[in-house]
Amino acid sequence: YPLIVTYFVHFLGAMLVGTMFGFMLLDEKDDSTIRAMLVTPVPLEDYLKYRLGVPTVIAFVSTLAQFYLLGFGMVSFGHAVLLSAAASLTAPITALFYATAAANKVQGFAMSKFTALAGMVIVFGYFASPSLQWLFGIFPPFWISKAYWLMLDGSQLFWGALVMAVITQAILIAILVKLFRRAVYR
């Protein structure tokens, strides 16, 4: 059950929300809507807050709801909220990934075929020895899974994994925002 919860709820649940918003960003990119917004009174930062905040909130609500609808592999409500909050950061990462890496919707669609495969890092990490699992942290959403597994084991090390999940994903979001700004102003 722990693998099912982490892959399907914490990773795919948030990633699918990010994919939808990533395609909206690609659509706006294709239609040059983002370039047109540069001459409006709305700053690009406010636009990004909206475009990244909404999927984050939706991903938080959906992952928390999926976690409880699944009904197994449960942790306390407070821990579930913390995990869902950390997992929700996968949505803006996914949206920004499509917006920066794909030139158009066709490329984005091709990339989407492989994005879900990135979650296989979580699956492989689950079957790795506990000491090797820390190496899978190169993939930031893995830390959410690791925190969940540590919670189920009753280990207090889950706090470290949860903090690493937030920090690594926040750094990745900052990098992708910088790349997105560069692409918009090109």
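Worth a mention:
- Test result for Trp134, open to solvent by less than 60 Å² (accessible area, probe 1.4 Å) and either in a loop (DSSP other than H, G, I, E, B) or free of Cβ contacts under 8 Å to residues at least 60 places away in the same chain (or both): no
- Selection of first residues in region 70-97 that are in contact (Cβ under 8 Å) with a residue 40 or more places away in the chain and on the phi > 0 side of the Ramachandran plot and of second residues that are of a type outside the set (S, T, N, Q) and surrounded by fewer than 14 Cβ atoms within 10 Å (Cβ to Cβ), restricted to Cβ pairs under 9 Å at least 6 apart or on distinct chains, gives the following pairs, ordered by first then second residue: Gly73/Tyr1; Gly73/Ile4.
- Scanning region 18-46 for residues that are surrounded by 18 or more Cβ atoms within 10 Å (Cβ to Cβ) and either among the charged types (D, E, K, R) or more than 16 Å from the chain's Cα centre (by Cα) (or both) yields Leu26, Lys29, Ile34.
- Within region 57-108, the set of residues being part of a helix (DSSP H, G or I), at pLDDT below 90 and among the hydroxyl-bearing types (Ser, Thr, Tyr) comprises just one member, Tyr68.
- Hits in region 116-131 - residues which are assigned to a helix (DSSP H, G or I) and either of a type outside the set (Gly, Ala, Ser) or crowded, with 17+ Cβ neighbours inside 10 Å (or both): Leu117, Met120, Val121, Ile122, Val123, Phe124, Gly125, Tyr126, Phe127, Pro130
The values are calculated or read from the model by the stated rules, or taken from the named source; none is laboratory data. Small disclaimer: the values here were computed from a predicted structure and weren't measured. We place every Cβ from the backbone using ideal geometry, glycine too, and count neighbours over all the protein chains shown. What goes into the accessible areas is simple: the full protein's heavy atoms, side chains included, and nothing from ligands, DNA or RNA. Shrake-Rupley method; radii C 1.70, N 1.55, O 1.52, S 1.80 Å.
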